[in-house]
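Participant: One structure, as structure tokens, below. Some questions next.
The values are calculated or read from the model by the stated rules, or taken from the named source; none is laboratory data. Because the structure is a prediction, the values reported are computed rather than measured. FYI the Cβ positions are ideal-geometry reconstructions off the backbone, even for glycines, and counts take in every protein chain you see.
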Amino acid sequence: MTSVADHTLELRNITMQFGGVVAVDSLSLHVNQSEIVALIGPNGAGKTTAFNCITGVYKPTNGQVYYQDQLIISNHPQGKMKALYAGQHKDAYKEVLEPTPDRITKLGLARTFQNIRLFKTQTAFENVLIATHLHRTSNLLTATLRLNYAEEKRMCQHALDMLEVVGLADLRDELATSLPYGMQRRLEIARALATKPRLLLLDEPAAGMNPQETDDLGRFIVDIKQRFDLTVFLIEHHMDLVMDISDRIYVIDFGRLIATGRPDEVQDNPDVITAYLGVDEE
Amino acid sequence: MKTAKIVLSLLLIIIAIALVGYTLSSQGDLRDLVMRLDPQNLSSADSRMLKARDRVLDGLAEGDRVRDLRNLDRYLEDYGPQLALDGENGLELFVYRNGPSLLAAGIALAVIGAALLVSQLDKLAKLRRPAIYLALAAVLYAGVYIVENIAGSSSMLMTVLKKGAIYALIAVSMNLLNGFTGLFSLGQAGFMLVGAYTYAIFTIATDSRAQVYQYYDGGLVQFALPTLVAIVLAGLVAAFFAFLIGLPVLRLKSDYLAIATLGFAEIIRAIFQYDGLGPITNGSNLLRKFTTFDTVLFPFAVAGVCIALIVMLIHSTYGRSFKAIRDDEVAAEAMGINLFRHKQMSFVISSFFAGVGGALLAMYQTTVQASAFKASMTYEILLIVVIGGMGSITGSVLASFLFVASSEWWLRFLDNELVIGGVQVPLLRSGFRMVVFSVVIMLMVLFYRRGIMGDKEFNLKRFLQPRVRKGGDVRG
């Protein structure tokens, strides 16, 4: 194995198997510091599943995830899965490390969701404010008795700043669900940013957006990447967006990596074209 | 506008000081007052009256205020017309009789004045909200105290207020869990039972223990704790039970959690009646002769402090994460909120206050028996929470007073047979009240599902200024 020294994120042979279905098959990839890397593939290729493995929502059946040289997730086929396992590298990993999503977020990986998951009964501001909870220093008692006045003020200020960044400061008191679709997406990004991440994972940020909005979003992602010195790893369907902003692209189909490289390389790759357009039978 | 308010607040404070001062200065000797009430020239025909007066004066020597007032009442009732009651000593008499109420009113006025003053001073802007809440609390408590003095502490109104305050605390504690954290738990009666028993066991007077624990040689515990310490202990023990039960149970989702907690409540009820634990729990016998309260202010004070703490918790960063968990567990976890720990916090805190509520309920009932803490008690509380609105503290409080008032008082007449013009009104008989009550609740849940308040809170500002026009210039 090569050194992982400058990789912000590295996946080693991540396999996710649901019963007999292999959703992600031995996916290995890496994201370098300050890169924007995209993971693309046709519907059902296993992109979101891969994301869920990184963020701790699913426990991968096999494989390891490193974050800044540090092993954060690791698993190998166990129990029933030993017999059922259909992926590769079955015996490569023996360690078990299964952190919950909140632990992953605390490490500095923040994500957004494909189907927007905002806190529905709360305002835009409150949505972002909740994300500042993980950096609290107060305990239950001091927080209840308002002895953490300074911290509370900092949290509110930080949440406001994040709303400002995504341009929603004027709508802070609107109910999250009453915002237009595009703004809900932005609010989700603001919420993810409020956790002070180093690596931002965006799950189809442009889904449901028109070309104009998608364009804006692309510029916005590049902008926040520079502003907060982030590394961005995103899943996307919109080819325009991906080609515009990504430094590198990984293409998967049926859970397997089929191509990787710079946007222009990937664009001309015959395997990718086949995967997206289907195989010509003749 | 501002100057006017400052002047008004100063005026209020001055009136309050005058009222308190005057009341205190007229709380002198009742004997003196009685003597002055006498007509100047008593003939021998009035000897009976003189005797009655002497009886009053004799009684006064003991210094029992309540008895004094009763004697005086009787004296005035019998001989009132012949006494020299004029405006001046009439007022004095009124002030003497209502001294405590007037003092309470004076203090409340002073607090309102001070709060108004604070809210108008820009330098104290930070204290504005606490000041307003303090003023509201002062009005509430003074009001309750005055009503209690007028209506008497054993009147139906006071009974309803006492039980209502206790149910309000328990309903709010359940709302914290069900309405704010989204954990559907049905264990409330179990935690109340633990709280009630803990409180009762530790406050039975040492010399009554032999009598209470007559089948168990006076029981194991042979000391009594101060009331407030025992109440806190009741909460802590309930919280400890919640902590243990939460370890396995909180990993379950919605319906399963409800079933598991309901099961816990049933099991704990059986355990507390178990004969082997008799030296502590008195088996299936009553626990009695523990410290109770007689003024309505006590449950109001304890419940008020507890509810205030819960409200402060809900508005803290922890409360916000509880609401996040309720709205979307997956997103909450992705925002770095440790689901299990926060659910456990909410569960333990809710149970703590349910335990405190149980202790208060024990005091209210003056006896405790495990068999009374049935699942139906949890349903009553759940009903209050639903009627008030899941996720609304003010809703829960309002609903518990309404619920207690209707079940104990307003619908009581339905239980009594009634004969109008020789015809017995059909259906009115013992037990009919519960039928009507159930129907009302069914209608409520069918057509008014979000409850009285939904998930909103009662907002004083909106209440006082209902007609804020859009775009208009609103000046306070």
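Participant: Which residues, taken from region B:288-322, are under 12 Å from the mean Cα position of the chain (by Cα) and polar (S, T, N, Q)?
Facilitator: If the condition is that a residue be under 12 Å from the mean Cα position of the chain (by Cα) and polar (S, T, N, Q), then B:Thr295 is the only one that fits.
Participant: Now for a different question. Applying the selection to region A:71-121, what residues are part of a loop (DSSP other than H, G, I, E, B), of a type in the set (Lys, Arg) and within 14 Å of chain B (Cβ to nearest Cβ)? Spell out how you get there, then give the answer.
Facilitator: The initial filter retains those residues of region A:71-121 that are part of a loop (DSSP other than H, G, I, E, B), namely A:76-80, A:85-96, A:98-100, A:108, A:112-121.
Now narrow it down to the ones that are of a type in the set (Lys, Arg): A:80, A:90, A:94, A:117, A:120.
Matches in region A:71-121: A:Arg117, A:Lys120.
Participant: Let me ask something additional. Select from region A:140-155 the residues that are more than 7 Å from every other protein chain (Cβ to nearest Cβ) and hydroxyl-bearing (Ser, Thr, Tyr) and write down the one among them that is surrounded by the fewest Cβ atoms within 10 Å (Cβ to Cβ).
Facilitator: Checked region A:140-155; the qualifying residue surrounded by the fewest Cβ atoms within 10 Å (Cβ to Cβ) is A:Tyr149.
Participant: Next question. Within region B:366-382, which residues are closer than 16 Å to B:Gly179 by Cα and out of contact with any helix residue (DSSP H, G or I) (no Cβ under 6 Å at 6 or more places or on another chain)? Please lay out each step first, then the result.
Facilitator: Our first condition is that a residue be closer than 16 Å to B:Gly179 by Cα; within region B:366-382, this holds for B:378-382.
Matches in region B:366-382: B:Tyr379, B:Glu380, B:Leu382.
Here is a yes/no grid of residues against (1) closer than 25 Å to A:Thr105 by Cβ; (2) hydrophobic (A, V, I, L, M, F, W, C); (3) surrounded by 18 or more Cβ atoms within 10 Å (Cβ to Cβ):
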residue	(1), (2), (3)
A:Glu188	yes, no, yes
A:Ala192	yes, yes, yes
A:Phe228	yes, yes, no
A:Ser246	yes, no, yes
A:Asp253	no, no, yes
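Participant: Within region B:321-338, can you find the residues that are surrounded by fewer than 23 Cβ atoms within 10 Å (Cβ to Cβ) and facing chain A (nearest Cβ under 7 Å)?
Facilitator: Across region B:321-338, the qualifying residues are B:Lys323, B:Asp327, B:Asp328, B:Val330, B:Asn338.
Participant: Answer yes or no: is there a residue in region A:148-156 that is of a type outside the set (Lys, Arg), outside any helix (DSSP H, G or I), within 25 Å of B:Leu309 (Cβ to Cβ) and at pLDDT below 95. Even if it seems obvious, please write down each step before you answer.
Facilitator: If we filter region A:148-156 for residues that are of a type outside the set (Lys, Arg), which is where we start, we get A:148-152, A:155-156.
Next, only the ones that are outside any helix (DSSP H, G or I) stay: A:148.
If we keep only those that are within 25 Å of B:Leu309 (Cβ to Cβ) too, we end up with A:148.
Restricting the remaining residues to those that are at pLDDT below 95 gives A:148.
Scanning region A:148-156, I find at least one residue that is of a type outside the set (Lys, Arg), outside any helix (DSSP H, G or I), within 25 Å of B:Leu309 (Cβ to Cβ) and at pLDDT below 95, so the answer is yes.
Participant: Sticking with this structure for a sec: Would you tally the residues in region B:252-305 being free of Cβ contacts under 8 Å to residues at least 12 places away in the same chain and in contact with a Lys or Arg (Cβ under 7 Å, 6 or more places away or on another chain)?
Facilitator: Residues that pass the stated criteria total 0.
Participant: Kindly establish whether A:Thr55 is within 27 Å of A:Leu230 (Cα to Cα) and either surrounded by 17 or more Cβ atoms within 10 Å (Cβ to Cβ) or not basic (Lys, Arg) (or both).
Facilitator: Details: within 27 Å of A:Leu230 (Cα to Cα): yes; either surrounded by 17 or more Cβ atoms within 10 Å (Cβ to Cβ) or not basic (Lys, Arg) (or both): yes.
When the stated conditions are applied, A:Thr55 passes them.
Participant: All but one of (1) more than 25 Å from A:Phe220 (Cα to Cα); (2) at pLDDT 90 or above; (3) touching a strand residue (DSSP E or B) at 6+ places or on another chain (Cβ under 9 Å); (4) not hydroxyl-bearing (Ser, Thr, Tyr) hold for A:Gln70, so report the exception by its number.
Facilitator: (3) is the only condition that A:Gln70 fails.
Participant: On to the next question. Given A:Thr8, A:Thr15, A:Thr49, which one is assigned to a helix (DSSP H, G or I) and either at pLDDT 90 or above or over 18 Å from the mean Cα position of the chain (by Cα) (or both)?
Facilitator: Residue meeting the stated conditions: A:Thr49.
Participant: Do we find that A:Ile130 is over 29 Å from B:Ile349 (Cβ atoms) and within 14 Å of another protein chain (Cβ to nearest Cβ) in this structure? Walk me through it before giving the result.
Facilitator: Values: over 29 Å from B:Ile349 (Cβ atoms): no; within 14 Å of another protein chain (Cβ to nearest Cβ): yes.
For A:Ile130, the condition - over 29 Å from B:Ile349 (Cβ atoms) and within 14 Å of another protein chain (Cβ to nearest Cβ) - is not met.
Participant: List the number of the failed condition for B:Val221; all other conditions in (1) in contact with a Phe, Trp or Tyr (Cβ under 8 Å, 6 or more places away or on another chain); (2) within 28 Å of B:Met312 (Cα to Cα); (3) in a loop (DSSP other than H, G, I, E, B) hold.
Facilitator: Checking B:Val221 against (1) in contact with a Phe, Trp or Tyr (Cβ under 8 Å, 6 or more places away or on another chain); (2) within 28 Å of B:Met312 (Cα to Cα); (3) in a loop (DSSP other than H, G, I, E, B), the one that fails is (2).
Participant: Within region A:229-241, how many residues turn out to be within 22 Å of A:Pro197 (Cβ to Cβ) and either modelled with pLDDT of 90 or more or over 15 Å from the mean Cα position of the chain (by Cα) (or both)?
Facilitator: Taking region A:229-241 first, the residues within 22 Å of A:Pro197 (Cβ to Cβ) are A:229-236, A:241.
So of that shortlist, the ones also either modelled with pLDDT of 90 or more or over 15 Å from the mean Cα position of the chain (by Cα) (or both) come out as A:229-235, A:241.
The number of residues fulfilling the criteria is 8.
Participant: Residues in region B:140-161 that are more than 17 Å from B:Thr394 (Cα to Cα), out of contact with any Asp or Glu (no Cβ under 9 Å at 6 or more places or on another chain) and assigned to a helix (DSSP H, G or I): how many? Spell out how you get there, then give the answer.
Facilitator: Quick first cut of region B:140-161, residues more than 17 Å from B:Thr394 (Cα to Cα) only: B:142-160.
Of the ones still in play, those that are also out of contact with any Asp or Glu (no Cβ under 9 Å at 6 or more places or on another chain) are B:142-152.
Subset that is assigned to a helix (DSSP H, G or I): B:142-151.
Looking only at that region, the number is 10.
Participant: Okay, next question. Is it fair to say B:Ile387 is buried (at least 18 other Cβ atoms within 10 Å of the Cβ), at pLDDT below 90 and assigned to a helix (DSSP H, G or I)?
Facilitator: Details: buried (at least 18 other Cβ atoms within 10 Å of the Cβ): yes; at pLDDT below 90: yes; assigned to a helix (DSSP H, G or I): yes.
When the stated conditions are applied, B:Ile387 passes them.
Participant: How many residues are crowded, with 18+ Cβ neighbours inside 10 Å, within 21 Å of B:Asn178 (Cβ to Cβ) and among the aliphatic types (A, V, I, L, M) if we restrict to region B:395-418?
Facilitator: Selection size over region B:395-418: 4.
Participant: While we're looking at this one, here's another question. Restrict the check to region B:189-212 and report whether at least one residue is assigned to a loop (DSSP other than H, G, I, E, B) and small (Gly, Ala, Ser).
Facilitator: Step one: list which residues in region B:189-212 are assigned to a loop (DSSP other than H, G, I, E, B), which gives B:205.
Next, only the ones that are small (Gly, Ala, Ser) stay: B:205.
Checking region B:189-212: at least one residue is assigned to a loop (DSSP other than H, G, I, E, B) and small (Gly, Ala, Ser).
Participant: For B:Met312, indicate whether it is in a helix (DSSP H, G or I) and surrounded by fewer than 18 Cβ atoms within 10 Å (Cβ to Cβ).
Facilitator: Numbers: in a helix (DSSP H, G or I): yes; surrounded by fewer than 18 Cβ atoms within 10 Å (Cβ to Cβ): yes.
Spelling it out, B:Met312 is indeed in a helix (DSSP H, G or I) and surrounded by fewer than 18 Cβ atoms within 10 Å (Cβ to Cβ).
Participant: Can you tell me which of (1) surrounded by 20 or more Cβ atoms within 10 Å (Cβ to Cβ); (2) over 18 Å from the mean Cα position of the chain (by Cα) is the one B:Ser376 doesn't meet?
Facilitator: (1)
Participant: Here is a further query. Got at least one residue in region B:153-168 being at pLDDT below 85 and of a type in the set (Val, Ile, Thr)?
Facilitator: no
Participant: Here is a further query. So which residues in region B:267-297 are assigned to a helix (DSSP H, G or I) and either surrounded by fewer than 18 Cβ atoms within 10 Å (Cβ to Cβ) or within 14 Å of chain A (Cβ to nearest Cβ) (or both)?
Facilitator: Hits for region B:267-297 are B:Ile267, B:Ala270, B:Ile271, B:Gln273, B:Asp275, B:Gly276, B:Leu277, B:Pro279, B:Ile280.
Participant: Within region B:341-361, take every residue that is more than 13 Å from the chain's Cα centre (by Cα) and among the hydrophobic types (A, V, I, L, M, F, W, C) and give me the one that is nearest to the other protein chains (Cβ to nearest Cβ). Can you show your working first?
Facilitator: Residues of region B:341-361 that are more than 13 Å from the chain's Cα centre (by Cα), as a first pass: B:341-355.
The next check asks that each one be among the hydrophobic types (A, V, I, L, M, F, W, C); those that pass are B:345, B:347-349, B:352-354.
Working: B:Met345: 6, B:Phe347: 13, B:Val348: 10, B:Ile349: 8, B:Phe352: 11, B:Phe353: 12, B:Ala354: 17 Å.
If we take residues in region B:341-361 being more than 13 Å from the chain's Cα centre (by Cα) and among the hydrophobic types (A, V, I, L, M, F, W, C), then B:Met345 is nearest to the other protein chains (Cβ to nearest Cβ).
Participant: So A:Val166 clears everything in (1) closer than 24 Å to B:Gly336 by Cβ; (2) without any contact (Cβ under 8 Å) to a residue 40 or more places away in the chain except one condition, right? Which one?
Facilitator: Answer for A:Val166: the failing condition is (2).
Participant: If you don't mind, another one. Could you figure out which of (1) within 30 Å of A:Leu187 (Cα to Cα); (2) surrounded by fewer than 24 Cβ atoms within 10 Å (Cβ to Cβ); (3) out of contact with any His (no Cβ under 9 Å at 6 or more places or on another chain) isn't true of B:Gln365?
Facilitator: For B:Gln365, the failing item is (1).
Participant: Let me ask you something else. Which number in (1) modelled with pLDDT of 90 or more; (2) buried (at least 19 other Cβ atoms within 10 Å of the Cβ); (3) more than 12 Å from every other protein chain (Cβ to nearest Cβ) marks the one condition that A:Glu164 misses?
Facilitator: (2)
Participant: If you don't mind, another one. Can you name the condition, by its number, that A:Thr137 falls short on among (1) out of contact with any helix residue (DSSP H, G or I) (no Cβ under 7 Å at 6 or more places or on another chain); (2) exposed (fewer than 14 other Cβ atoms within 10 Å of the Cβ); (3) among the polar types (S, T, N, Q)?
Facilitator: That leaves (1) as the condition not met.
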